Amino acid sequence: MAGQVSTGVKLAMGGGAAAVLLLGLSIGRGRDLETGDTVHPAKVPGTTEPARPVERTRAQPVTVDPQALMVKRVLPISGPFRHGDYVWDESGAPATGRIIITVDLKAQTLSVFRAGYEIGSAVIIYGADDKPSPLGAFPIIQKDADHYSRTYNNAPMPFTLRLTSDGVAIHGSDVQWGNATHGCIGVPRSFAKKLFGVTSLGDLVVITNGKMLDTSHARSSA
């Protein structure tokens, strides 16, 4: 749920500031994520389907295999990337493969990768200072295309991808400068619909605050 609240140190994404953020996003999505044990979702006995992920609170992120975060292609983004903007392009990417979503709160951006190929990116809103978005890696534990908040006045949360048992999710929002959430990651509604369509339970969402992914072997799709 989004609200008009204080956004603390959030940056205005326009003009030269946006160009700097995009440079960091497209050619240096970092090398300093912590290492950890490989995450292998359990399988339902007798099938190839992943079991429903274990529910975790925002204080219980999982560890991540850094090899799973290797980026092979990034999408070109020309011009300022402002609130409400997004790009989506699956052409040239594998039709199947592991989906990983990265969220950088400092850059105010979300990216979605399939088999290491970036297929979408959007400007986000996130948790206000008194209700911050958590940092860490969280598997998607529930999907609900028509969700309404049970905590905040039945507020619409379209195309919800729930990450924690205590209410943190990615969902469609009114992504405007000055808006913030109660800890969720808000993305433009049309982008949320596309993201909902390519994700499955157990897909990993990695939330950082300025830490980046290794794109040293990545190419641009341009």
Residue satisfying condition, being surrounded by fewer than 16 Cβ atoms within 10 Å (Cβ to Cβ), in contact with a Leu (Cβ under 9 Å, 6 or more places away or on another chain) and either outside any loop (DSSP other than H, G, I, E, B) or of a type outside the set (Asp, Glu) (or both), within set Lys106, Lys143: Lys106
Single unsatisfied condition, Ala192 versus (1) part of a loop (DSSP other than H, G, I, E, B); (2) of a type in the set (Gly, Ala, Ser); (3) crowded, with 21+ Cβ neighbours inside 10 Å: (1)
Members of region 131-140 found to be small (Gly, Ala, Ser) and not in a strand (DSSP E or B), listed by number: Ser133
Any chance Ile101 is in contact with a helix residue (DSSP H, G or I) (Cβ under 7 Å, 6 or more places away or on another chain) and either in a strand (DSSP E or B) or surrounded by 16 or more Cβ atoms within 10 Å (Cβ to Cβ) (or both): no
Failed item, numbered, when Val112 is tested on (1) modelled with pLDDT of 95 or more; (2) of a type in the set (Val, Ile, Thr); (3) not in a strand (DSSP E or B): (3)
Residue match in region 154-177 (condition: touching an Asp or Glu at 6+ places or on another chain (Cβ under 6 Å) and either surrounded by fewer than 16 Cβ atoms within 10 Å (Cβ to Cβ) or on the phi > 0 side of the Ramachandran plot (or both)): yes
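Does region 77-87 contain at least one residue that is closer than 15 Å to Val205 by Cα and of a type in the set (Lys, Arg)?
no
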Check on Tyr148, without any contact (Cβ under 8 Å) to a residue 24 or more places away in the chain and surrounded by fewer than 24 Cβ atoms within 10 Å (Cβ to Cβ): yes
Of the criteria (1) more than 12 Å from the chain's Cα centre (by Cα); (2) at pLDDT 95 or above; (3) under 27 Å from Val54 (Cβ atoms), which one Ser190 fails: (3)
Lone unmet requirement of (1) out of contact with any Cys (no Cβ under 9 Å at 6 or more places or on another chain); (2) among the hydrophobic types (A, V, I, L, M, F, W, C); (3) touching a residue at least 12 places away in the same chain (Cβ under 8 Å) for Met157: (1)
Looking only at region 200-222, and only at residues there that are of a type in the set (S, T, N, Q) and buried (at least 20 other Cβ atoms within 10 Å of the Cβ), the one that is modelled with the lowest pLDDT: Thr215
Number of positions in region 124-137 that are farther than 26 Å from Trp177 by Cβ and either more than 13 Å from the chain's Cα centre (by Cα) or buried (at least 21 other Cβ atoms within 10 Å of the Cβ) (or both): 1
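The values are calculated or read from the model by the stated rules, or taken from the named source; none is laboratory data. None of these values were measured; they are calculated from a predicted model. Please note: Cβ atoms are built from the backbone with ideal geometry, for glycine as well, and neighbour counts cover all protein chains shown.
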